[in-house]
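None of the figures in this text is laboratory data; all of them are computed from the coordinates on show. All figures in this text were calculated on a predicted structure; none of them were measured in a lab. When we count neighbours, we look across all protein chains shown, and the Cβ atoms used for this are built from the backbone with ideal geometry, even at glycine.
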Amino acid sequence: MDSSGEAAADNIDYRRLFEANPDAMWLLTLDGHVYYGNRRARAFMVVDDNPEWKSLWPTDSQVGAARALKLAVDGQIGRFHSFLYMDGAAPIYLHTEMMPVLDGGGRPDRVLAIARDVTEQVEATAFLESVFNLLPLSLTVKNARNGRYVLFNRSAEDLMDRTADEVIGKTAEEALPEHVAGMISVSDARALASLAWRQASDDKVETENGARYFSTRRALTFDDAGPRHLIAITEDVTEARAGADALRAAVGAAEAASQAKSAFLANMSHELRTPLNGIVAAAEMLSQHELPPRQQAMLNLIRSSGETLNRLLSDVLDVARIEAGAVKLEIAPFHLGELVRELTDMFRLEMEERGLALNLDIAPEADRCFRGDRLRIRQILVNLISNAVKFTEHGAITVSLALAAEDRVRLTVTDTGIGFDPAQKAQIFVRFHQMDTSHTRRYGGAGLGLSICRELCDLMGATLDCDAQPGRGASFWLEASLEPAAVEAPQGNVPASQPEDLQILVAEDHPGNRRVLELMLESAAGVRMVENGALALDAFRDCVFGLVLMDMQMPEMDGLAATQAIRAFEKSVGRPPTPIIMLTANTQPEHVAASLAAGADLHLAKPISPHALFGAIEQLLSSYTERAVA
């Protein structure tokens, strides 16, 4: 820049103004040469010797620079954008404005050019535009006052079959398909009328290809005059809705199948246990008589087969209930030591007959009450002891109870039987697994017992494990975290003798079971037999009975309804409650709960032996007697 230029700048005080400005500034002559450039301008480009201003810019920007200069010389504002490439640095993006500087007569004398670095803003805008267009959901923005679109992303183009160029600046009615525009206009009008800043709507649109469903979320922006923009995010949920409908239908079908399965299991339990009850009970009664050796052997076969069938039936039903998620834990106080003694006493006679020794080892600190599911622990322990007896021909079986930790008990069953190869341990608890699958295998079974025990342990948060050596026996143990009970669990009542004039009402629809019960009871009490709940209620109203044995599943009136009716009748006439035992082939926990809720005192599962039946009768009558005395 020559000395005359500097003097002129000094005279009009341009230098201090220019140098203080953070933007690049040039003062140009009307023919487009640089008259003066500030520090920022000199950092961008060389401005010595009054160069032609447009020549300082990249070639592809010089036309825009010349056009902007001409506008400024003509007294207007000229603008252009350009990338500026600098050595060793990333290109910058400049927004340049050019305006005339007027002389005292109001005519253009110079041109002022101001260039601002807008690189960051351009990059941010480009990024936001990319995000806007890459959104997988339709995003549109309308001017809330005139309803015209100002933004329309690519997903909106796909959804509404229109390009942004066809839509921006127009209303929905002007730019979109009629069936879509109508839906949008109604929902947008509702959103604007409510003035809620955020709203949601679900809309159905009928098209040539069928109904389509849209879910839209709307938001309003406001300025001092009211709503400014209406933002809408829309998703076509037709496929998702169809999937949800299909899922609901599948869930409904699964629930129906589950209910049908439960009903089938309950019915099969009843249908199988009912005749099995006749077999087991009749064989038990027959065993009380002196029989010739041949007949006694056949009777033992019948009893053994009946017990096997009963156990197999229980296992199959348990597997089905576990798969259906129908097994629920019943947590209550119980005496663990007494449970172990009860089970070993149950197996003692069988073991003595086979010449096996039975050892019982109960640690004093574990011989107490705990809170847990007594029924499931009993089921597991029965299975472990039964297996030990089955696979042991000589020696002894030891059942032990100890504390593995302060709140963790360990029940162990050890035998001196055939054992198994440790390599088979991983398969021991797999359903239907048999160590010997040959046609000549000596030991029967369906391979369900241990798998059921493992699944019950998982349900209780307990562990079940084992160890063995071929020919040297096996050891199975259950470890469970049981909370010590604060109070002792009830241990039952001392059995009382049956009254000599005891009259028993029996409601049972199966002829064979009626005959078996009659044979069981005829020597101990007077028996009145009826075939259904309605007849039982009539008989109960006419006579006084000391005990009622009620089947659950009967025609005309079932045992639950009959029991409820009997309890209501007793209350209406002021008669004291009569002991009622639900004697049924329906054995699931929900059946037990239903029996007790209906008013029964006990729930006994078929098949049942005379010993078990008379034990339950004595216990119940004793309980009623003690209650009356108290």
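At an R0 of 51 angstrom, the distance between the Cβ atoms of R515 and E239 translates into a FRET efficiency of 0.20. Would you pull out the residues with amide H under 5 Å of R368's amide H, same chain only if 5 or more places away, H placed 1.01 Å from N? Amide H neighbours of R368, under 5 Å, 5+ apart: L336, G337. Applying 1/(1 + (r/R0)^6) with r as the Cβ-Cβ distance of V544 and L596 and R0 = 25 angstrom yields a FRET efficiency of 0.60.
In this structure, the amide hydrogen of L151, modeled 1.01 Å from its nitrogen in the peptide plane, lies closer than 5 angstrom to those of V141, counting only residues at least 5 positions away or on a different chain. Measuring between their Cα centroids, segment 340-364 and segment 126-194 lie 83 Å from each other. Taking 19 Å as the straight-line reach from the Cα of K142, the lysines in range (excluding those fewer than 8 positions away in the same chain) are K170. Extension gain, L291 to R371, is 24.2 nm, computed as 0.36 nm per intervening residue step minus the present C-alpha separation.
The length gained on full extension between E483 and F222, counted as 0.36 nm times the residue separation minus their Cα-Cα distance, comes to 87.7 nm. So for the pair E570, K390, with labels modelled 7 Å out along Cα→Cβ, what separation do we get in nm? Between E570 and K390, the label points sit 4.1 nm apart.
Amide H to amide H, with H built 1.01 Å from N, L547 comes under 5 Å of Q503, L505, counting only residues 5 or more places away or on other chains. With neighbour counts taken as other beta-carbon atoms within 10 Å, the residues M298, M98 rank, fewest first, as M298, M98. Using C-alpha pairs below 8 Å separated by at least 6 residues, the relative contact order for segment 503-629 is 21 percent. Look at the alpha carbon pairs under 8 Å that are at least 6 residues apart: their mean separation over the length of segment 328-484 gives a relative contact order of 25 percent. The residues neighbouring L195, those whose beta-carbon lies less than 14 Å from its own, together hold a net charge of +3 under the Lys/Arg +1, Asp/Glu -1 convention.
Straight-line reach from K70: which lysines have a Cα under 23 Å away, not including same-chain ones fewer than 8 places off? Reachable lysines: K54. A straight chain from A126 to D60 at 0.36 nm per residue would run longer than the Cα-Cα distance by 21.7 nm.
Put a dot 7 Å past each Cα toward the Cβ at A524 and N146; how far apart are the dots in nm? According to this spin-label approximation, the distance is 9.9 nm.
Taking a ≥ b ≥ c as the square roots of the Cα gyration tensor eigenvalues, segment 143-226 comes out oblate, since a/c reaches at least 1.5 and a/b does not exceed b/c. Near R575, once Lys and Arg are set to +1 and Asp and Glu to -1 for all other residues with Cβ below 12 Å from its Cβ, the sum equals +2. Find out how many positive minus negative residues lie around K54, taking Lys and Arg as positive, Asp and Glu as negative, among other residues whose Cβ is under 13 Å from that of K54. Net local charge, K54 excluded: -1.
With a Förster radius of 25 Å applied to the beta-carbon distance between L135 and R248, the computed FRET efficiency rounds to 0.25. Taking a ≥ b ≥ c as the square roots of the Cα gyration tensor eigenvalues, with a/c under 1.5 meaning rounded and otherwise prolate when a/b beats b/c, else oblate, which class fits segment 503-629? Here segment 503-629 falls in the rounded category. Which shape class applies to segment 96-211: rounded if a/c is under 1.5, otherwise prolate when a/b exceeds b/c and oblate if not, where a ≥ b ≥ c are the square roots of the Cα gyration tensor eigenvalues? Since a/c reaches 1.5 and a/b is larger than b/c, the shape of segment 96-211 is classed as prolate.
The relative contact order of segment 135-236, computed from alpha carbon pairs under 8 Å that lie at least 6 residues apart in sequence, is 28 percent. Within a straight-line Cα-Cα reach of under 20 Å, K390 can be paired with the following aspartates and glutamates, leaving aside sequence neighbours fewer than 8 residues apart in one chain: E307, D315, E342, D345, E350, E352, E353, D415, D421, D436, D465, D467.
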